[in-house]
Amino acid sequence: MRHHLILRVITKLLVGPILLFALYVQFHGEYSPGGGFQAGVIFAVAFILFGIVFGLETVKKVFPPWLVHKFAALGVLIFAGTGVVSVMLGSNYLNYNALNPDNPQLGQVGGIIAIELGVGITVAAVMVAIYYAFASRTPMINDEDW
Amino acid sequence: MLHVAGVSGLTIIDQLPMLTIVVPMLAAPLCVLFGNRHIAWLLAFLASVFSFLFATHMLLQVMDGDVLSYHMGGWEPPLGIEYRIDAANAFMLFLISGISTIVLPYARRSVAHEIKKVSHTLFYCCYLLCFTGLLGVVATGDAFNIFVFLEISSLSTYVLIAMGAERDRRALTSAYDYLILGTIGATFFVIGIGFLYMATGTLNLADLSVRMANMEGNRTIQAAFAFIIVGMGLKAAIYPLHLWLPGAYTYAPSVVTTFLAATATKAAIYVLMRFMFSVYQPDFVFELHTLTWIIMPLAILAIFAASLIAIFQTDLKRLLAYSSVAQIGYMMLGIGLASKSSLSATIVHLFNHGITKAVLFMVVGAYVMRAGSSFANNLNGLGKQLPWTSAAFVIGGLSLIGVPGTAGFISKWMLIQSVLEADLWWLAIMLVISSLLAVIYIWKTVEVLYLKEPDVSTLAMKEVPLSMLLPIWILAIACIYFGLNTEWTLSMADVAAEGLLNGGGK
């Protein structure tokens with residue numbers, strides 16, 4: 001893609017706003033359309049777009065595969081860990097009311113933000129991991145060999 | 001008596017139904033975060049031990065017919081997700097976590113031999129997810145939650161099976177076959193649940209059974225029944241739906257085969273029993289017809305056809321896989337008879353066959369480690385080189401046949417008794433004949449192990465390490481113990497069968 005100057009410039013311009021929009025969708029999820037899954041996909045799209053235009057090796061320098069795996073696990077841990085926190089506070093698993101006993105409604109909001117963050121991180125990481133897995137696959141037979 | 005875990009001021013005992021599942025679920029991402037294969041194994045083992053302790057404690061709590069209820073997130077059922085532990089699923093949780101706790105010490109060396117080091121962390125992560133999924137399927141009292149956990153266990157199972165590709169590339173096609181069939185099964189199941197929700201407006205199993213009590217003529221719940229039976233039947237490998245099983249068991253890493261053979265199909269059969277006897281009333285005419293005219297004939301067909309196919313197998317793993325299909329036939333026969341005694345026979349057989357097949361597959365894993373494959377040709381005379389391992393195989397084989405003094409005898413005896421109770425003496429004779437088929441394929445293997453002259457390469461083989469031998473022998477001794485002391489298993493199965501027929505202690 002070295003010759004596609006327009007694509008390269010536009011991509012550089014777009015990656016930032018895409019990431020920002022993903023965060024917007026993420027943190028408005030609990031009271032407007034959006035949430036962890038959608039945000040995670042949008043977040044991953046920034047990396048995938050970057051990878052398509054600048055090459056797989058470049059994007060792997062930005063977000064190395066080993067780190068992708070860690071983030072995928074981290075998200076699950078945040079989700080499950082939120083439940084454990086509510087258990088520690090002496091309530092049922094994933095009972096957000098326990099997070100703020102004086103104002104249960106605030107506890108609910110906090111709990112949802114926490115688990116949506118977990119969902120977002122995992123979805124973004126898994127999306128990127130799937131892209132890496134497909135893009136890194138070496139074709140069994142080259143087109144020229146047919 | 002129903003024990004509901006309160007909304008506040010919960011003790012650790014109240015949290016057990018949830019902790020049994022959440023502990024392995026937390027351990028899985030931790031494996032990946034640490035990224036060290038030794039820590040991953042340790043986490044998997046510890047999680048498994050904790051789950052086992054929790055499950056044992058719950059089993060002791062519900063043994064007298066009590067029911068534990070846990071409300072996820074503090075939301076009351078039927079709206080919220082409820083974990084409902086009665087004798088039937090506490091027994092299954094005990095079996096699954098127990099097998100996992102015994103298999104994991106064995107796994108350490110076997111996995112090191114069969115899977116390359118880089119993948120070990122991910123292997124244990126997938127194993128834990130599969131374990132979580134199976135426990136969740138059994139523990140939950142919410143129909144949709146069953147589907148969610150079913151997917152968690154299935155997706156990780158596909159990966160685990162595909163990891164056998166390092167030893168044999170055919171693992172990839174087997175995993176793919178299972179992926180397709182397993183997904184069809186899960187889809188059918190969720191369609192069935194959708195129909196149930198449409199007809200009743202609830203997903204809670206206990207609530208479903210109450211609302212469906214006088215809906216016998218409703219076409220929607222009849223269609224749901226068909227979808228659920230076929231979907232779960234695929235997962236449980238009921239005879240004509242078993243095609244994924246031989247390939248998956250043959251090419252998966254030995255540890256995975258052992259764990260799946262002892263637990264995964266059993267969890268699916270538990271779900272079938274739960275839907276057939278707790279959610280749907282067993283006296284619904286359409287269900288009675290299904291049990292008598294579809295499930296029973298297929299079960300008998302499975303017992304004979306799969307045993308016959310097993311006789312002609314040259315790969316020991318594939319032989320045992322077909323034998324599993326036949327044994328599932330015995331369990332389905334107990335379900336088809338639909339009496340209390342036949343149900344408890346099925347539950348006893350779930351347990352006894354679980355430990356028996358675990359021994360046999362672990363022994364085969366030991367042979368794979370020493371001889372490099374499970375082909376009968378490579379195992380000539382191994383009985384003398386690996387005396388302890390092979391002796392365990394003989395014990396497991398005897399239990400599979402159903403020789404008196406082994407666990408397998410008890411469950412077959414129970415089954416024949418319940419068949420006679422239903423005045424089906426011809427079926428009792430057929431069951432005895434079917435055991436003879438098992439004698440043939442077990443004898444065929446014993447002959448290879450003990451009577452064939454060992455090859456030159458075989459002579460250099462040594463006994464497997466103690467960390468593998470010990471788990472094999474714990475289960476081999478369990479096979480004999482539960483064959484001699486039947487008080488515990490039989491009373492457990494009785495309470496479980498009663499719980500299932502009473503709709504989980506309403």
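Using helices alone, I'd like the mean residue ellipticity at 222 nm for chain A: each DSSP H run of four-plus residues gives -39500 (n - 2.57), total over residue count, nearest 500.
About -25000 deg cm²/dmol.
Using only the Cα atoms of segment A:47-126, what are the Rg and Dmax in Å?
Radius of gyration, then largest Cα-Cα span, for segment A:47-126: 16.9, 52 Å.
Counting Lys +1, Arg +1, Asp -1, Glu -1, what net charge surrounds B:Met92 among other residues with beta carbon under 15 Å of its beta carbon?
+3
Measuring from the lowest to the highest alpha carbon on each principal axis, how far does chain A reach, largest first, in angstroms?
67, 32, 23
Mind counting lysine pairs for me in chain B? Cα separation below 20 Å, and the two need to be 8 or more apart along the chain or on different chains.
So the count of such lysine pairs works out to 19.
Computed over the Cα atoms of chain B, what is the ratio Rg over Rh, Rh following Kirkwood?
Rg divided by Rh gives 0.95.
At a Cα cut-off below 20 Å, give the lysines reachable from A:Lys61, other chains included and same-chain residues fewer than 8 away excluded.
A:Lys12, A:Lys70
Sort by residue number and report every cysteine in chain B with no other cysteine beta carbon within a distance under 4.7 Å.
Unpaired cysteines in chain B: B:Cys126, B:Cys130, B:Cys479.
Taking just the C-alpha trace of segment B:368-478, give me its Rg and Dmax in Å.
Answer for segment B:368-478, Rg first and Dmax second: 17.1, 56 Å.
Under the Karplus relation 6.51 cos²θ - 1.76 cosθ + 1.60, θ = phi - 60°, what is the ordered set of whole-Hz ³J(HN,Hα) values for segment B:77-93, x standing for Gly and Pro?
Here the 3J(HN,Hα) series is x, x, 6, x, 7, 10, 9, 10, 9, 10, 4, 4, 7, 4, 5, 5, 4 Hz.
Would you calculate a helix-derived [θ] at 222 nm for chain B, using -39,500 (n - 2.57) for each DSSP H run of n ≥ 4 and dividing by the full residue count, to the nearest 500?
So the calculated ellipticity at 222 nm is -24500 deg cm²/dmol.
What nm value, rounded to one decimal, do you get for the distance between B:Val456 and B:Asp168 when each label is placed 7 Å out toward the C-beta?
Those two pseudo-labels are separated by 2.7 nm.
Dimensions of segment B:182-260 along principal axes (Cα, Å, largest first)?
That works out to 47, 22, 17 Å along the principal axes.
Spelling out what I want: for every residue of segment B:111-128, take phi, set θ = phi - 60°, compute 6.51 cos²θ - 1.76 cosθ + 1.60 (Karplus), and round to whole Hz; glycine and proline get x.
Taking θ as phi minus 60°, the curve returns 5, 4, 7, 9, 10, 6, 4, 4, 8, 4, 4, 5, 4, 5, 4, 5, 4, 5 Hz for segment B:111-128.
According to the Cα gyration tensor, what semi-axes, each the square root of 5 times an eigenvalue, does the equivalent ellipsoid of segment B:128-231 have, listed from largest to smallest in whole Å?
Rounded to whole Å, the semi-axes are 32, 15, 7.
Neighbouring Cβ atoms within 10 Å as the yardstick, rank B:His349, A:His69, B:His71 fewest first. Present the calculation step by step, with values, prior to reporting the outcome.
Working: B:His349 27, A:His69 19, B:His71 22.
Fewest to most other Cβ atoms nearby, the residues stand as A:His69, B:His71, B:His349.
Under 14 Å from the Cβ of B:Pro17, count the other residues' Cβ atoms, weight Lys and Arg +1, Asp and Glu -1, and hand me the total.
-4
Mind grabbing the base-10 log of I(q)/I(0) for segment B:247-306 at q = 0.25 Å⁻¹? Debye formula, identical points on the C-alpha positions, no solvent, two decimal places.
For segment B:247-306, the Cα-only Debye profile gives -1.03.
Report the Rg/Rh value for the protein assembly as shown, based on alpha-carbon coordinates and the Kirkwood definition of Rh. Provide the component values of the computation, followed by the final result.
Details: Rg = 25.7 Å, Rh = 26.0 Å.
Here Rg/Rh amounts to 0.99.
According to the square roots a ≥ b ≥ c of the eigenvalues of the Cα gyration tensor, what is the shape class of segment A:1-67, taking rounded for a/c under 1.5, prolate for a/b larger than b/c otherwise, and oblate for the remainder?
oblate
Considering only the other residues whose Cβ falls under 15 Å of the Cβ of A:Thr82, what net charge follows from Lys and Arg at +1 and Asp and Glu at -1?
Once all neighbours under 15 Å are counted, the net charge is -2.
Every number in this text was worked out from the coordinates using simple rules, so none of it is lab data. Given the structure is predicted, the values throughout are model-derived calculations rather than measurements. Backbone-built Cβ (ideal geometry, glycine too); neighbour counts: all protein chains shown.
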